[in-house]
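Read through the structure below, which is laid out as structure tokens, and then see the notes.
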Amino acid sequence: MQVVRMDQPIEFVIRASQPDTVQALRAYAARRLSFLLRRFEPHIRRVTVRILDVNGPRRGVDSRCSITADLIDGRRIFVNATTAWPFASVTRAAHRLSRVVRRRLARAPYRGPQGGRYESTLGD
């Protein structure tokens, strides 16, 4: 099975308590974001993912995933999610980002790289 990835750069900042999960988190986040944001790729300049273990080795709701998407037109979208598990935080934040990007792009007309006016073709 071939996985199609986004061409836009995804920057990762992962501060997890267990170093063996860092590569797995990075691969999982890239796969989720590629799947959820692929249709918006022409509108996205860069995506930054930050995963932080808030409480360290203590138990509780402590894994926070923050995702920032910089759009071509200069807007910045920020979402975050906090759950007990880092993979669940990534999934929840990625879904939130997908919904917010879809709403923002549907609201305002997209201005192309040369400043031309293009109406959004994204629908609900």
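Things to note:
- If the segment from F78 to D20 were pulled out straight at 0.36 nm per residue, it would be longer than the present Cα-Cα gap by 18.1 nm.
- The stretch between R107 and R45 holds 20.5 nm of extra length on full extension. This uses 0.36 nm per residue minus the Cα-Cα distance.
Where a number appears in this text, it was derived from the coordinates with a stated rule and is not lab data. Everything numeric in this text was worked out from a predicted model, so none of it was measured.
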